[in-house]
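Presented below is the structure to which this report refers.
The values are calculated or read from the model by the stated rules, or taken from the named source; none is laboratory data. None of the values given here were measured: they were computed from a predicted structure. Here Cβ is always computed from backbone atoms with ideal geometry, including for glycine, and neighbour counts include all displayed protein chains. With ligands, DNA and RNA removed, areas are computed over all heavy atoms of the protein, side chains included. Shrake-Rupley method; radii C 1.70, N 1.55, O 1.52, S 1.80 Å.
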Amino acid sequence: MPQNVSGREKEIVAKALRPFGTSIFTEMTSLANTHGAVNLSQGFPDFDGPEEVKAKAAEAIIAGPNQYAPSIGIPKLRHAVARKMKRFYGLEVDPDTEVTVTSGATEGLCATLLGILEPGDEVILIEPCFDTYAPISSLPGASIRYVSLGLPDFSLPRDELERAFNPRTRAIVINTPHNPTGKVFSLEELSFIASLCEKYDAFAIGDEVYEHMVYDGLKHVTLWNVPGLRDRSFVISSTAKTLSMTGWKQGWVIAAPDLSRAVRMSHQYIVFCGQPALQDAVAFGIDSPEQYYTQLLSDYTRRRDWLCDALVELGFRVFPPEGTYYVLVDITPLGFDDDLAFCRMLPEKAGVAAIPCSVFWDKRSRGRNLVRFCFCKKDETLEEAIRRLRKWLG
Ligand code: PMP
């Protein structure tokens with residue numbers, strides 16, 4: 001969310017970054033802390049991932065070595081990522097030439113965008129969108145074309161998208177399952193995007209961090225399984241959400257060897273490498289038995305259903321998500337019309353924090369009635385949040 005930057009500070013911050021300001025997640029989590037609010041804003045669990053995975057990390061630190069890992073990631077993790085792509089999506093991925101381990105999906109996005117963009121290129125972003133894509137695309141001098149999902153059904157605006165593509169289009173970022181709407185892009189929608197990428201010789205960048213949180217029997221479609229995208233896409237994911245370890249920042253980019261080389265070129269100069277002990281531990285975690293993944297999904301399905309019902313009961317209009325661990329609500333039925341004002345007031349007045357959704361649009365032109373609550377929290381945390389909201393709303 002842009003916050004006023006003044007005077008000397010204005011001159012110091014790179015021009016490309018000036019329009020963006022401090023992330024909404026920092027702002028809302030800090031408001032939650034100030035007021036002791038139940039934090040349903042930033043998407044991190046209030047529980048840790050599996051004990052065995054933490055134990056692996058501790059063992060690996062003690063056993064060492066704790067020196068620089070290979071820049072592209074330790075072989076064990078690259079192989080685990082390749083195995084996982086085979087196991088869940090039936091894909092053959094070469095762990096040596098097609099997997100690059102990054103510091104979370106965030107650095108994966110950064111390494112990819114900085115690795116392929118030139119000044120004057122265009123990047124297409126589908127609004128509402130996660131806050132990393134625009135600033136990172138702007139840094140190398142690319143310009144952004146926004147295409148907005150339809151409201152209230154989050155449909156893909158095909159004509160608008162087609163009009164946004166042009167010979168300068170270098171890439172489109174597709175986040176599926178989608179934060180904040182919970183939309184899961186269908187194979188048919190992705191194939192439409194693929195046809196435009198082929199027509200304009202553009203890349204598709206898939207942010208797939210919520211790939212294991214897809215509900216109601218729907219299936220996540222990874223960009224690599226979309227006809228035409230195998231050789232022109234970057235599939236980015238991480239273990240932040242899947243292993244409930246958002247603080248570990250362990251992610252990867254999967255791309256054909258020539259595309260991976262571009263990612264590796266920039267990755268080596270951004271961080272060079274990640275932390276070997278954590279890479280060892282998440283490699284173990286990724287190989288978790290089926291039971292782990294089904295339990296994760298059934299726990300989140302239960303929390304989603306519970307939170308959606310509770311929010312409906314409070315009077316919000318609720319958009320149950322197809323994927324992710326977020327629920328969007330419309331605040332107008334309760335008499336509010338400004339999401340930002342609502343979310344800035346909520347921690348103090350109600351003792352709960354949420355994310356205003358208009359900030360996921362470029363110009364806050366849309367989404368001012370939408371607020372996002374996350375449900376990656378213990379049952380008692382969600383219950384407490386609802387208890388507080390009910391009390392505040394009377
Ligand atoms: N992409 C999306 C859509 C996200 O919601 C998040 C985390 N909130 C990330 C990327 C960041 O992932 P990581 O922590 O692995 O960098």
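Tabulated results
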quantity	calculated
Selection within segment 136-158 - part of a helix (DSSP H, G or I), under 13 Å from residue 173 (Cα atoms) and open to solvent by 20 Å² or more (accessible area, probe 1.4 Å)	136
Pairs where the first residue, in segment 32-55, is farther than 19 Å from residue 328 by Cβ and the second is in a loop (DSSP other than H, G, I, E, B) and open to solvent by 50 Å² or more (accessible area, probe 1.4 Å), C-beta under 6 Å, 6+ apart	46/378; 47/378
Count of segment 35-56 residues which are within 16 Å of the ligand (Cβ to nearest atom) and among the aliphatic types (A, V, I, L, M)	2
Test: residue in segment 22-34 that is outside the structural domain of residue 257 (by TED's automatic domain parsing), more than 16 Å from the ligand (Cβ to nearest atom) and either open to solvent by less than 50 Å² (accessible area, probe 1.4 Å) or of a type in the set (A, V, I, L, M, F, W, C) (or both)	yes
Any hit, segment 77-88, residues being modelled with pLDDT of 95 or more, basic (Lys, Arg) and within 16 Å of the ligand (Cβ to nearest atom)	yes
Helices (runs of 4 or more DSSP H) contained entirely in segment 286-394, each with at least 1 residues that are among the β-branched types (Val, Ile, Thr) and not assigned by TED's automatic domain parsing to the domain that holds residue 215	290-314, 379-393
First in segment 280-297 and surrounded by 14 or more Cβ atoms within 10 Å (Cβ to Cβ), second anywhere and at pLDDT below 95, Cβ under 6 Å, 6 or more apart	none
Selection within segment 191-227 - closer than 27 Å to residue 376 by Cα and among the hydrophobic types (A, V, I, L, M, F, W, C)	205, 209, 213, 214, 218, 221, 223
Residue within segment 196-209 that is on the phi > 0 side of the Ramachandran plot and part of a loop (DSSP other than H, G, I, E, B) present	yes
Yes/no for residue 99 being in contact (Cβ under 8 Å) with a residue 60 or more places away in the chain and out of contact with any Pro (no Cβ under 8 Å at 6 or more places or on another chain)	yes
Positions within segment 89-131 being surrounded by fewer than 21 Cβ atoms within 10 Å (Cβ to Cβ) and within 14 Å of the ligand (Cβ to nearest atom), in sequence order	106, 127, 130, 131
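Every residue, every condition in (1) among the acidic types (Asp, Glu); (2) touching an Asp or Glu at 6+ places or on another chain (Cβ under 8 Å); (3) within 26 Å of residue 179 (Cα to Cα), yes or no:
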site: 73; (1), (2), (3): no, no, no
site: 89; (1), (2), (3): no, no, yes
site: 95; (1), (2), (3): no, no, no
site: 103; (1), (2), (3): no, no, yes
site: 109; (1), (2), (3): no, yes, yes
